[in-house]
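Notes to accompany the following structure.
The values are calculated or read from the model by the stated rules, or taken from the named source; none is laboratory data. As the structure is a prediction and not an experimental result, all values here were calculated from the model. Virtual Cβ from ideal backbone geometry, glycine too; neighbours counted across all protein chains shown. In case anyone asks, the SASA skips ligands and DNA or RNA and just uses the protein heavy atoms, side chains included. Shrake-Rupley method; radii C 1.70, N 1.55, O 1.52, S 1.80 Å.
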Amino acid sequence: MFRICSFFLLIATLGAAPADWIWSARWVITENPARRVIENGAVAIAGDRIVGVGTRAEIDAQFQARQRLDRPQAILAPGLIDTHTHAAMSLFRGIADDLRLQDWLEKYIFPAEAKNVSPDFVRWGTRLGCLEMLLGGTTTFTDMYYFEDVVAETAKEAGMRGVLGETIIGFPVADNKTPADALAYTERYLTRFRNDPLVVAAVAPHALYTNSDETLKASRALADKYHAPLLIHLSETKKENDDTLAARHMTPTKVLDTLGVFGGRTVAAHCVWVDEADMAILKARGVGVAHCPSSNMKLASGAAPVARMLAMGIHVGLGPDGPAGSNNDFNLFEEMDLAAKLQKLVTMDPRALPAASALEMATMGGARVLGMEREIGSLETGKRADLILVRLDRPNAVPLYDAVSQMVYALKADDVRDVMVNGKPVVSDGRILTLDEGAVLAKAEEYRGKIAASLK
Ligand SMILES: [Zn+2]
């Protein structure tokens, strides 16, 4: 009997396909088209790709892995996708809270940036941002800032995926003094990071209200030339809409559409004050919306009509926005929870945005916003291996009746235990593997002193 069993085991092993890793967990949330959740599931990884998803028994029979990680008290889920942030602004965390957007920007952020932003600032700020994001289960971030080539270098150093846009803005800033300089800088940056396995270089005109029509059109042309995404802030505040309506008799969405800005892949952050006609434009042009509930609530900007957008078939993802006062952290678990609750509050309907929709926004929805739905956003064979393991052995995690609901309403970023990006483990048992955490925290404190002194 023993010999027969050994024989079959040998045959099974010989027939097994090689894999680099098998990760298994009590629950696997796949976010595949059927939204399958697998009890006692596993994922096999070879190189930078997922090569198998199934029950642990199925995966163990099909694959022979060089290494494995079994977490019988965890959820295995797709890495979370951030569709709008400003990572380096982590060094301004909490610099000015409880203000309206215009006051916050004009009285605090723009002056602080003018005095402090440099390549070194961006490198350490992005390290701090990537550290917090990876430890909290974010595997892809979408960024708009200055010296974006330095952000890209840092994302690669951290082993994190990024859609990273160089900012183009209509006044002198740290890296460029004119929009023409910024466009030239952006073109060099797009060329340098073409076909990178982790970085998608993007063009990021800051907003309609901070750029001329000519600069916006030139930004679109540059994005088209390199097949790059265009990232922009849109209809974040009532003031932005009122000013545009008064000056141009059109909404900001209508103006951008008229200028042709939506003529290619576009990610529009916020879209709080869009009306039905605006949403019809966003849908028709395939514009992805980055919903930032924490930021919109903290700056009292308003509540984006996200339930309506989803009903219309507009792609919507989530973003923490800036950590400097419009949110103060990079926490997609918090954004999922708040996105669901904010829609319930404003519609007075608890069904307005269910947990499954909130999780989808942080995974497949975000992937669609970025035009990367064939590569990331779900645990499916052939996709990039971006995975997170979230622990279920803490008081806030038990008991568990529904893994998806638990992810959105009960689990926290701090519960993330292991993270893999592009087939490489970057967080192991809650510890970052790619960055020097002590050095990053010490540098943040050093910068706090410099920044505080610069504002006196
Ligand atoms: Zn923003």
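Among the residues of segment 218-227, is there at least one that is among the charged types (D, E, K, R) and either crowded, with 17+ Cβ neighbours inside 10 Å or within 15 Å of the ligand (Cβ to nearest atom) (or both)?
Scanning segment 218-227, I find at least one residue that is among the charged types (D, E, K, R) and either crowded, with 17+ Cβ neighbours inside 10 Å or within 15 Å of the ligand (Cβ to nearest atom) (or both), so the answer is yes.
Name the pairs whose Cβ atoms lie under 8 Å apart, with the first residue in segment 310-329 and within 9 Å of the ligand (Cβ to nearest atom), the second at pLDDT 90 or above and of a type in the set (Asp, Glu), and 6 or more positions between them or separate chains?
Filtered contacts from segment 310-329: Gly319/Asp82; Gly319/Glu335.
Could you check, for segment 245-264, whether at least one of its residues is away from the ligand (no atom under 15 Å from the Cβ), of a type in the set (Phe, Trp, Tyr), under 30 Å from Pro172 (Cβ atoms) and open to solvent by less than 10 Å² (accessible area, probe 1.4 Å)?
yes
Conditions first: (1) in contact (Cβ under 8 Å) with a residue 40 or more places away in the chain; (2) away from the ligand (no atom under 16 Å from the Cβ); (3) under 27 Å from Leu131 (Cα atoms). Glu373 passes all but one, so which condition is the exception?
Here Glu373 clears every test but (1).
Please indicate, with yes or no, whether at least one residue in segment 74-96 is open to solvent by 50 Å² or more (accessible area, probe 1.4 Å), in contact with a strand residue (DSSP E or B) (Cβ under 8 Å, 6 or more places away or on another chain) and over 18 Å from Ala358 (Cα atoms).
Checked against the condition, which is being open to solvent by 50 Å² or more (accessible area, probe 1.4 Å), in contact with a strand residue (DSSP E or B) (Cβ under 8 Å, 6 or more places away or on another chain) and over 18 Å from Ala358 (Cα atoms), segment 74-96 yields no hits at all.
Look through Glu236, Glu214 and report the one residue that is modelled with pLDDT of 95 or more and either out of contact with any His (no Cβ under 8 Å at 6 or more places or on another chain) or more than 16 Å from the ligand (Cβ to nearest atom) (or both). Spell out the reasoning first.
Working: Glu236 fails: either out of contact with any His (no Cβ under 8 Å at 6 or more places or on another chain) or more than 16 Å from the ligand (Cβ to nearest atom) (or both).
Of Glu236, Glu214, the one residue that is modelled with pLDDT of 95 or more and either out of contact with any His (no Cβ under 8 Å at 6 or more places or on another chain) or more than 16 Å from the ligand (Cβ to nearest atom) (or both) is Glu214.
Considering only residues of segment 298-339 that are among the charged types (D, E, K, R) and outside any loop (DSSP other than H, G, I, E, B), which is farthest from Gly137 (Cα to Cα)?
Arg308
May I ask you to list the residues in segment 111-130 that are more than 19 Å from Val163 (Cβ to Cβ) and open to solvent by less than 10 Å² (accessible area, probe 1.4 Å)?
Of everything in segment 111-130, those that are more than 19 Å from Val163 (Cβ to Cβ) and open to solvent by less than 10 Å² (accessible area, probe 1.4 Å) turn out to be Ala112, Phe121.
Could you check segment 343-431 for strands (runs of 3 or more DSSP E) lying wholly inside it with 3 or more residues that are open to solvent by 20 Å² or more (accessible area, probe 1.4 Å)?
Here the list reads 424-428.
Output the residues belonging to segment 265-308 that are open to solvent by 30 Å² or more (accessible area, probe 1.4 Å) and under 18 Å from Ala223 (Cβ atoms).
Passing the criteria: Arg265, Arg285, Gly286.
(1) more than 16 Å from the ligand (Cβ to nearest atom); (2) touching a residue at least 60 places away in the same chain (Cβ under 8 Å); (3) at positive phi: which one isn't true of Ile388, the others all being true?
For Ile388, the failing item is (3).
Of (1) closer than 27 Å to His291 by Cβ; (2) modelled with pLDDT of 95 or more, Glu153 satisfies all except one. Which?
(1)
Residues of segment 44-84 being part of a strand (DSSP E or B) and either in contact with a helix residue (DSSP H, G or I) (Cβ under 7 Å, 6 or more places away or on another chain) or at pLDDT below 95 (or both), which ones?
Once the filter is applied, which keeps residues that are part of a strand (DSSP E or B) and either in contact with a helix residue (DSSP H, G or I) (Cβ under 7 Å, 6 or more places away or on another chain) or at pLDDT below 95 (or both), segment 44-84 yields Ala44, Gly52, Gln64, Ile75, Ala77, Leu80, Ile81, Asp82.
For Val426, are the conditions met, namely being at pLDDT 95 or above and out of contact with any Asp or Glu (no Cβ under 6 Å at 6 or more places or on another chain)?
The answer is yes for Val426.
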